[in-house]
Amino acid sequence: PKSVLDEEEWYKISNFSSQNFSIPLVKEKFNSTKYKEYTEKLHTNDIDYIVVVQNNEMYFQRVIKQNIINEKSWLHFGETVTFQSNNNSLILINSYPDAIYKITDDCLSFRKLSSLTRIFPGINMLFKEATEEVVGSFINSEVIQTEGEFCAANVGIANRKTIALIME
């Protein structure tokens, strides 16, 4: 992606199944019997993402380890306040999926590329990163003031991506 999206916008990758970072789940005809169903023996810490397949679409949700709640107690506020306890694990999910793959159109839509790196290894190659030279000229510009020995080598990947977008 060569642009910054507004809050409700989505990126789209056409011919997704032929991309190097596509996964077998997308490349092959979907057969649910090839994949593990959740059982109590499956540990939530082993889950990187969840996929729901429905109406020729696959909905992908990244599972962030901080969103796994193991054996917690809480107060439930309803008509009355009740104390509840759970010996199982819960996974908090977002209101919207991280990606939607349309099987018949062979396209993947998503909002944040960084949310997909655990689902589609190698997809981060789509990020354009500013070179050492571009970062150097950016931090030496009149707009930016640096302190001390700050140089291009101190600029991390996320900021290099932002600089690449700004300098285009």
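Read-outs throughout are calculated quantities, based only on the coordinates presented, and are distinct from any laboratory measurement. If you're wondering where the values come from, they're calculated on a predicted model, not measured in any experiment. Cβ sites come from the backbone with ideal geometry, for glycine too, and all protein chains shown count toward neighbours.
Answer rounded, prolate or oblate for region 80-167, using the Cα gyration tensor with square roots of eigenvalues a ≥ b ≥ c: rounded when a/c is under 1.5, else prolate when a/b is larger than b/c, else oblate. Oblate is the answer for region 80-167, as a/c is 1.5 or above yet b/c matches or exceeds a/b. Modelled label positions at Ile103 and Ala158, each set 7 Å beyond Cα in the direction of Cβ, lie 3.6 nm from each other.
Using the Karplus relation 6.51 cos²θ - 1.76 cosθ + 1.60 with θ = phi - 60°, the per-residue 3J(HN,Hα) values for region 139-152 come to 6, 8, 6, 5, 6, 9, 10, 10, 10, x, 8, 5, 9, 4 Hz, with x marking Gly and Pro.
Residue-wise HN-Hα couplings along region 49-60, as the Karplus relation 6.51 cos²θ - 1.76 cosθ + 1.60 with θ = phi - 60° gives them from phi, are 7, 10, 10, 10, 10, 7, 6, 6, 9, 10, 10, 9 Hz; Gly and Pro carry x.
Report the extension gain between Glu71 and Lys27 in nm, rounded to one decimal, defined as 0.36 nm multiplied by the number of residues separating them, less their alpha carbon distance.
This chain segment gains 12.1 nm when fully extended.
With a simple spin-label model that places each label point 7 Å from the Cα along the Cα-to-Cβ direction, the separation between Ser17 and Lys34 comes to 1.1 nm. Each residue of region 131-138 was assigned a 3J(HN,Hα) from its phi angle through the Karplus expression (A = 6.51, B = -1.76, C = 1.60, θ = phi - 60°), giving 6, 4, 5, 5, 5, x, 5, 5 Hz with x at Gly and Pro. For Ile103, the residues whose modelled amide H falls within less than 5 Å of its own, excluding neighbours fewer than 5 places apart on the same chain, are Glu57, Met58.
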